[in-house]
Amino acid sequence: MATRFLAACTILLASFAQIIAKDQSPVGAGIPPLTQEMAKRIELALEGRIECDFTDSPLDEVVHHLEKAHRIPIWIDKQALQDEGVALDQQLTLVKSDITLQTAFSLMLEPLGLTTVNEEGVLKVTTRAKADEKMSIRIYPVADLVNAPLEPESYKIFIVMIQNQTSGRWVDIDQEGGAITAFPNAQSLVIRQSQKVQRETEGILAALRKAKRLQRVSSIPVNGGDPESLYPIEPSQK
């Protein structure tokens, strides 16, 4: 069993290396430790919950405020915005509480055709078209979600779901964009896509895992059929 697992991992890594070589964008290659640390800080900040109270506020001022408030470097790709006709003093309005910083950016930027990219230790505000040019490659282990781990057909549901439920474009559908490759022997999916789609994919898989846990808990019988009892039936009581 161990030999088979190691062989599967070797195949996955070899295939992954080929994808990276073709893409010419090695993941994490040559990235200084301080830059990696800042990238992690940015991801944590994007997941943090905040309150927003912006009314007719200029885009550049909003970005500067969020940069200071969350102590992360944020850079506006002025050239990309100019090419798309988006002014730095574009008025933004967002009054919301208990939302993530990522959600706040999405609500403010998406109507303008803008988005954010966590790259090189800086959160960049740029256009969706520009962001889609920057692809990353990630491996998603899905052994806990696949009932038949060695059957290629069992992975199609994940591929179709991710393609249908995310906002990105896919090569096998749109003839351009990202790609998903299943590796049944390693019980994993390898996805090449934009950062936004990678985040959406994480959310989909997290929701599936949560639903599976809830289903497992709800199927546990309780003592005497009492709906108020939260204790599983002990073997001696069956």
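Details
- Partners for LYS124 among lysines (Cα-Cα distance below 26 Å; same-chain residues under 8 apart left out): LYS22, LYS40, LYS68, LYS78, LYS96, LYS134, LYS196
- In this rough spin-label picture, where each label sits 7 Å from Cα along the Cβ direction, the LYS68-GLU176 distance is 4.1 nm.
- Shown for the range 73-218 is the translational diffusion coefficient from the Stokes-Einstein equation, using the Kirkwood radius over Cα pairs, a temperature of 37 °C and a viscosity of 0.692 mPa s: 191 µm²/s.
- Shape class of the range 33-131 from the Cα gyration tensor (axes a ≥ b ≥ c, square roots of the eigenvalues): oblate, since a/c reaches 1.5 or more and a/b does not exceed b/c.
- Protection proxy ranking of 181-193, 156-168, 105-117 - average other beta-carbon atoms within 10 Å, highest first: 181-193, 105-117, 156-168
Taken together, the values in this text are just the output of simple stated rules run on the coordinates, not laboratory data. Remember, it's a predicted structure, so these values are computed and weren't measured experimentally. Every residue, glycine as well, gets a Cβ built from its backbone with ideal geometry; the counts of neighbours run over all protein chains shown.
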